[in-house]
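A.B. asks: Take this structure, written in structure tokens, and hold onto it; I'll ask about it next.
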Amino acid sequence: MKYHEILTLLSENMYPECWVNSRDNEGLDTYTLRENIGVSIVELPEEEESKVSNEFTERFMNESAYLRHYSLKYNGSTVKNILLFLVDGGRAFIPSPKLIDRNYIHDDDLIISVIIDRLAFDSRYESEDTTRYLDRAKLSYQKSILN
């Protein structure tokens, strides 16, 4: 499977009901796509000092933010690693821009972060989606990806 095919599959399956969640002994989540069990998103162990503060994370009422690492896998092989900010005191996941002086989020990072945010906060995603947090952080992204 090619990378763009995986992204298409992810963009077509961005809602919690499309995924199965399992948690390992260390409390780390693995989300497996129901439509293709070869596709998974795996939470990676936290770094000891994961608390962060930067121009994107400080735009929320609660300025507490933490780094979280995830890995997109296909048939057990890592396809992409993604760095997310858990912002607003743990209320939402937003992707980290590639360069700190730019605020654009690439499509693949956007898709994966929206999936993780919706899975982590599945009771919230219908009324207050990830896009509201991205907008509050003043991050730019291709809005048509999420429609």
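Values quoted throughout were computed directly from the atomic coordinates according to the rules given, and no laboratory measurement underlies them. These numbers come from a predicted model, not from an experiment. All Cβ positions, even for glycine, are placed from backbone atoms using ideal geometry, and neighbour counts span all protein chains on display.
A.B. asks: For an R0 of 30 angstrom, estimate the FRET efficiency from the Cβ-Cβ distance between TYR104 and ILE37 and round to the nearest 0.05.
C.D. replies: Working: r = 32 Å, r/R0 = 1.08.
It comes to 0.40.
A.B. asks: Just to be sure I follow the definition: excluding the sites themselves, where is the longest run in the chain that has none of the trypsin sites (Lys or Arg not before Pro) in a DSSP loop with at most 10 other Cβ atoms within 10 Å? Walk me through the intermediate numbers first.
C.D. replies: Numbers: sites that count: LYS2, ARG102, LYS138.
The longest uninterrupted stretch comes out as 3-101.
A.B. asks: Same structure again: If one takes the longest principal axis of the Cα atoms in the chain, at what angle in degrees, from 0 to 90 and to the nearest 10, does the Cα axis of helix 107-120 lie?
C.D. replies: With rounding to tens, the tilt is 90 degrees.
A.B. asks: Fewest to most neighbouring Cβ within 10 Å: what's the order for VAL42, VAL87? Intermediate results must be reported in sequence, preceding the final value.
C.D. replies: Working: VAL42 18, VAL87 24.
Taking fewest neighbouring Cβ atoms as first place, the list is VAL42, VAL87.
A.B. asks: Hey, another quick one. Which residue, LEU67, LEU44, ILE115, has the largest displacement toward the positive end of the dipole of region 1-143 when charges sit on each Cβ (Lys, Arg +1; Asp, Glu -1)?
C.D. replies: Comparing the listed Cα positions along the dipole, ILE115 ranks first.
A.B. asks: Something else about it: Which log10 I(q)/I(0) values does the chain give at q = 0.09, 0.15, 0.16 Å⁻¹ under the Debye formula, counting every alpha carbon as one identical point scatterer?
C.D. replies: Relative scattering, expressed as log10 I(q)/I(0), comes to -0.25, -0.73, -0.84.
A.B. asks: From a point 7 Å beyond the Cα of LEU83 in the direction of its Cβ, which residues of region 27-68 have a backbone N at a distance under 14 Å?
C.D. replies: It comes to 47-57, 66-68, nothing else.
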